[in-house]
Structure formats: C-alpha cells, structure tokens
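Structure record follows, encoded as structure tokens.
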C-alpha cells in the first residue's frame, strides 16, 4: 500500500512538472518560479488572513459547504442561487480544515497561486523572468481589487477554466480540457461564452483526418460535471428545486433599472494591462492565431461579465488572465522590459497595500465581536436578521433558516424575485436564543424604512418585543436580542 501511494505521488509530481516544463524552463526553474510567486502572492494578501469578512458571498459559500458535510442539501435545506460547484469546493476543503474564516483566505490564496502558475505557462518559450512577470500580473491585479482579495468564486472558477484552456492547446487533450471547463462552469456560469468560442475554434481547427463527430464527442466531457449534479438531484427527488434555483429564479432576478456600462471603471482598474498589452502587440508585430484566441477570450470574458446587466467589479476579474498573457513582452523585445515593468508593479503595490491596510484597520470585525458577546451571555443559537452572517461560523453553526444570506429576506427586491416564504423563515427561527440586527436603521424604527422588506420587518418587531430583550453591543448600529 505504501509503495502504491509513493508511486501515485511520484506520478502526480511528474505530471505537474511536465505540465509547466518546456525547453526553456527545467524542474529547478519551475520550482523556483512557484516559490517566488507564492512569496509575492502572500506579500500581496497576508494582511487579509485575519480579516473575517471581505465579501458577503464568500461567507454564504462557506456556510453552504459546511452544510453539505452535515447532510444538508443545497437549494433544499440551505438556499442560495449560486452554482453548486463553489459550495462543493468549500465542502471538500472542510473535510480536512477547520470551520473558520481564515480557511477561506488559504483556499482562495492557493487557487490564485495555481491560477498564476497556469497562466504563466501560456508564455511560450520565454525566460524565467517573463513567466514570473506574467504570474505576478495575475497576483497583483487580483489583490489590487477589493473583490479580488476576498474568496470570490472568480478565483476558483478561473483556475479550473484556464487549466482547461491550457490543455485545449495540447495535443490529444480536448476531452480533459472540456471536462475541466465543465468543472469551471459548475462554479460560475459566465464562462459559457468562453466555452462556445473554444468549441467553435476546435471544430474550425480540426485536422482533415479528424471527424466532426469525434471532436463533438471529445467536447461532450463538458456536460459530465453538471450532468452528474442533475442526476444526483434527480435520484434525491429534488430536481425541481435544483432547476428553480439555477434557472427559473436566476432569470427573474434581473436589475430593474438601467445601468451604463462602466467603461471608466474598467480603464481605471486595468489600464496598465491594456497599455502593456497594446505595447507588446505593437512591438512584436506578429499577430498569430494564438494571440487572436487570447484577444477573443478577453472579449468573451467581457461579454460574460456584462451580459446580465449587473456590472459587479469581481465579474471583470475574468479579464485578468488573457490580458496578463498579452501584456508579457516577447523575448525578442528584451527581457529587461519585463524586469522594469515588474519593478513598477511592486513599487505601485506599496501605496495600494497601505491603502488596504488602513481601510481594513478601521472596519470593526462585527461578526467576531457579536459572537464573543453571545458567548459571554452563555452561548446558544443565533439568527442573523441583518448584517454580516459570519456570526454563524464563529459560533460553529449553520443558518437556522434555509435562506442563508440575510439580504434574501431583508431586501424587498430579493425577497420578491426569489419568492421568499417569510412565514417559513419565522417557523424555522422559532426557539433561537439570539437575534442579530446590524443596520443603520434600528429595529424599533425599521417599519419606517421603506428600503427594508416590511413583510419581514413587522413580524420580527413583534417577535422581538414579545420574547427578546435588547442587549446593546460595543458596535454602533449592532444589537443583540436574546431570550
């Protein structure tokens, strides 16, 4: 048994090395590249590891992942509309790691490091310093944005997507490529446009000896991950809930106001990548099919990030990998340019990181403080009626109601679009020991705030008034109500 494990580890190591190795870089250079990128990546993100919450969604993914391990069925026992893949990622990590917010930082960091390594492998037949530059660009631009510092689904799906794309350009690897793309799709649906483009490209580039049918069969591995999920829900008897969450509800949840496309924001965020990419393309003067594909993937990523009408900043992180590859100067342009650009990136990071450290130092760790107050009062189950729901994690529990994220029942738009059953919420929270309310409007006056879902607020006010005395916390705008 021991020899089999050793052989498996050896085979995995060889596969890993062969994946990144080319005639320019050998094993020592690849390992050193990974180490240096890991050091850069950690330097870009270390100050976030002790921060409990950088984004609401990351907490929802984590709680859903823990729920899976405890036998809860996503979309049935615990509810949110995100694809099941992101919940499974955290469920797998929680098999061996503790139910703690710091685990979010480590799993996202490792996936981002993997993404940087994969993207750097696209810099074909280039020197070590140019691969380092490409990987550093990925790490930098993910860490430059607040949504990139958090454990957003982009970090996870982009790793599997670009791993799949890298196999796409390898001989006889279409099946592996589209299977990995299927995993990425199961984490974030916006890669649909990338997959369509790659499928059409594969059909167009097929050799005369390869039949149309064979290429289609090889690409059919894409449906294995999502098909497996559908089959599991079918045999559990919950296929309707699966499709309601992922298709019907998602189609309802559209913005009800016109929002202009954020050209200015995109330019301010990514102008160094656009500029370097433009300079590199001009200096190389060789617009190969490979570069055309990268430009096309930039455009499909832009389409995927914007087609919903919700221009969330983290959607546009999908632009970083192809732009980082295009922005890496070709060897004949001179490796000194890569070193100079790398120096500018690291120099600019000093001001960016100082701003983040200053901002984060002024944000109270709401959930941790509330959890500590609850534990001082003897502990018990909590219901997060408003505010950050990481309180559940610190108290080592799941949400007592199936609607994990508070915005689903407190926001009138979300509650309407998702047909939230408020009566069911109150049945599920019956008997909880504590109720958390963190909002700029006090709960006692919440019936006067029309931005809140009054169908939820009114019965909550009655419940609290009759059963839960108020306990103020050291946090302004945060109160605990307890029996």
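We did not get these values from a lab; they are worked out from the coordinates using the rules stated. Every value quoted in this text rests on a predicted model; they were computed, and no experiment measured them. For neighbour counting, all protein chains shown are included, and Cβ atoms are generated from backbone atoms with ideal geometry for every residue, glycine included.
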Contour excess over end-to-end distance, with Cα ends at residue 263 and residue 171 and 0.36 nm allotted per residue: 29.3 nm
The stretch 398-423 and the stretch 229-244: distance between their alpha carbon centers, rounded to Å: 21
Potential extension, residue 97-residue 450 segment - 0.36 nm per residue separation minus Cα distance: 122.9 nm
Binned Cα-Cα distance frequencies in the stretch 49-131 - 10 Å width, integer %: 17, 40, 24, 15, 5, 0
The chain: angle of helix 454-467 to the longest principal axis, Cα-based, in degrees nearest 10: 50
Cβ-Cβ FRET estimate between residue 471 and residue 146, R0 fixed at 30 Å, reported to 0.05: 0.40
Dimensionless Rg ratio for the chain, taking C-alpha atoms and the 2.2 N^0.38 Å reference: 1.05
Burial ordering of 471, 445, fewest other beta-carbon atoms within 10 Å first: 445, 471
Part-to-part distance (alpha-carbon centres) for the stretch 76-112 and the stretch 168-185, which is given in Å: 23
Inter-site label distance for residue 200 and residue 271 at 7 Å from Cα along Cβ, in nm: 3.3
Theoretical FRET efficiency, 1/(1+(r/R0)^6), r = Cβ-Cβ of residue 49 and residue 110, R0 22 Å, to 0.05: 0.95
10 °C / 1.306 mPa s Stokes-Einstein diffusion coefficient of the stretch 366-482, Kirkwood radius on C-alpha pairs, µm²/s: 113
0 to 90° range, to nearest 10: angle between helix 289-306 axis and the chain longest Cα axis: 10
Helix 335-361 axis, angle to the chain major axis (alpha carbon atoms, nearest 10°): 10
Spin-label proximity, residue 32 to the stretch 128-151 - amide N less than 15 Å from point 7 Å beyond Cα toward beta carbon: 128-133
Ranked list, fewest to most other Cβ atoms within 10 Å of each Cβ, for 294, 299, 247: 247, 299, 294
Full-stretch length increase - residue 212, residue 73 - with 0.36 nm per residue and alpha-carbon distance subtracted: 46.1 nm
R0 of 35 Å, Cβ-Cβ distance residue 423-residue 377: FRET efficiency to nearest 0.05: 0.75
